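Any read-out appearing in this document is the output of simple, stated calculations on the displayed coordinates, not a laboratory observation. Fair warning: this is a prediction, and the values are worked out from it, not measured in the lab. Cβ sites come from the backbone with ideal geometry, for glycine too, and all protein chains shown count toward neighbours.
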Amino acid sequence: MPTIENPAVRDDLTQAKTRMTKALEDCRHELAGIRTGRASVSMLDPIRVDYYGTPTPISQVATIGIPEPALLTVQPWDASLIAAIEKAIRSSDLGLNPMSDGKMLRVPIPALTEERRKDLVKHLHKVLENHRTAIRNIRRDSNDALKKLLKDKKISEDDEKRGLDEIQKATDDFIAKLDAQGKTKEREILEMK
């Protein structure tokens with residue numbers, strides 16, 4: 001396989017791979033927030049608390065701990081936030097019911113019902129499809145940039161062909177990585193406790 005020598009094509013390919021890596025990392029972060037029946041600090045990542053008028057992630061206003069596999073503790077740095085944090089957790093779609101002792105919230109993680117597991121898997125597939133689409137859009141943008149370079153006579157047809165082939169390989173590689181992440185998370189969700 002000949003290497004890509006044209007700097008414009010190399011730059012386009014590098015930029016596409018960088019953007020695809022960011023999409024993959026975003027997916028990994030989003031999947032970490034999907035609960036699996038065991039406690040995880042990242043479960044509370046999507047939840048925002050009204051902190052003096054600003055929606056703020058819980059992790060930025062409290063210490064989150066995992067004293068046992070099915071329990072999270074949330075200890076706000078400012079005790080006046082405990083009611084707001086409790087309300088935010090209750091109103092989230094995580095199905096969690098925090099208990100307050102005035103200083104700390106204890107958030108038991110209930111076992112997942114079969115129906116809830118299926119809902120989580122559907123949500124997982126939606127997240128994965130959104131990220132696959134993002135990667136395909138990056139491929140499209142990159143391909144368009146290569147076609148414009150060819151049209152402006154800055155690269156040859158051979159360079160364009162090699163660039164398109166490399167971008168397609170990168171797209172296939174990143175989508176395979178996404179699918180592998182999804183399969184791992186799906187196994188975690190469906191695992192019976």
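Structure notes:
- The sum of -39500 (n - 2.57) across all DSSP H runs of n ≥ 4, divided by the residue count of the chain, sets its helix-only mean residue ellipticity at 222 nm to -20000 deg cm²/dmol.
- Mean-position separation - Cα centroids, the range 116-193 and the range 49-86, in angstrom: 35 Å
- Among (1) 1.27; (2) 1.04; (3) 1.37, the entry that matches Cα Rg over 2.2 N^0.38 Å as calculated here: (3)
- Helix 114-151 vs. the chain, principal-axis angle (Cα, 0 to 90°, nearest 10): 30 degrees
- Ranking Ala111, Asn143, Leu96 by Cα position along the charge dipole of the range 93-193, where only Lys, Arg, Asp and Glu carry charges on their C-beta atoms, puts Leu96 farthest toward the positive end.
- About its Cα centre, the chain has a charge dipole of approximately 240 debye under the convention of +1 per Lys or Arg Cβ and -1 per Asp or Glu Cβ, with nothing else charged.
- Computed about the Cα centre, the dipole magnitude for the range 41-108 is approximately 80 debye when only Lys and Arg (+1) and Asp and Glu (-1) carry charge, each at its Cβ.
- Extended-chain gain in nm, criterion 0.36 nm per residue less alpha-carbon gap, Thr21 and Glu129: 37.3 nm
- DSSP-assigned coil residues among chymotrypsin sites (Phe, Trp or Tyr not before Pro) in the range 44-86, each with at most 16 further Cβ atoms within 10 Å: Tyr52, Trp77
- Working from Cα pairs under 8 Å separated by at least six residues, relative contact order for the chain is 27 percent.
- Net charge dipole, the range 106-150: roughly 120 debye, given to the nearest 20, about the Cα centre with Cβ charges of +1 for Lys and Arg and -1 for Asp and Glu.
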